[in-house]
Amino acid sequence: MSLLAAQNYDPAVAVVKSTSALLAMTALDTTNLRAIFSVPLSGNVLVRLRGVLHGSTAMPMLLFGVLEGATVKARAIPSNVVGYSSTSTLMNAVEAVFAVTGLTPGAQLTWDAAYGVEVISSSNGIKYGGPDDAVGANAFGAFQFEVWEA
């Protein structure tokens with residue numbers, strides 16, 4: 001299995017994607033979390049999206065997925081990497097891994113990492129980036145978006 005495209009976006013200023021309102025699948029960042037790749041001969045790819053959920057003791061119900069323009073190509077409910085913490089100050093890693101099949105081999109595709117909110121949590125957010133300093137709870141690491149040959 002080979003890596004076809006990857007974005008590891010960790011900006012110097014923290015980004016917060018709100019979970020306080022219901023939201024249809026929406027691109028996270030069409031500049032920095034966009035993958036451009038050629039479909040392998042199998043016509044199948046594996047997508048991995050990983051980020052941080054932070055800010056509340058209540059867990060929202062999210063979807064992570066990929067958009068091709070305005071078309072949802074696939075989506076999945078992310079799982080907690082190490083189990084959800086009920087402490088609002090802790091960062092919870094969330095990750096979705098899913099296959100996309102039936103693609104046209106050799107096609108050049110442009111996909112955007114996306115998220116949707118199905119059940120709200122007013123104080124939570126998907127967060128990434130932040131400064132490299134000695135202040136607590138203001139840096140969240142990169143949002144990762146990978147497309148693999150499956």
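So which of 67, 41 is closer than 17 Å to residue 104 by Cα, outside any strand (DSSP E or B) and either touching a residue at least 12 places away in the same chain (Cβ under 8 Å) or touching a Gly at 6+ places or on another chain (Cβ under 9 Å) (or both)? Just one listed residue meets the conditions, 41.
Being touching a residue at least 60 places away in the same chain (Cβ under 8 Å) and part of a loop (DSSP other than H, G, I, E, B), is that true of even one residue in region 87-103?
Yes, the conditions are met somewhere in region 87-103.
Just one of the listed residues (55, 106) is touching a Gly at 6+ places or on another chain (Cβ under 6 Å) and on the phi > 0 side of the Ramachandran plot, and it is 55.
The single residue among 71, 26, 31 that is within 19 Å of residue 127 (Cα to Cα), hydroxyl-bearing (Ser, Thr, Tyr), modelled with pLDDT of 95 or more and more than 11 Å from the chain's Cα centre (by Cα) turns out to be 31. Candidates are the residues of region 107-121 that are surrounded by fewer than 19 Cβ atoms within 10 Å (Cβ to Cβ) and either free of Cβ contacts under 8 Å to residues at least 12 places away in the same chain or in contact with a Ser or Thr (Cβ under 6 Å, 6 or more places away or on another chain) (or both); the one that is farthest from residue 59 (Cα to Cα) is 108.
The values are calculated or read from the model by the stated rules, or taken from the named source; none is laboratory data. None of these values were measured; they are calculated from a predicted model. Note that we place each Cβ from the backbone using ideal geometry, even for glycine, and neighbour counts take in every protein chain shown.
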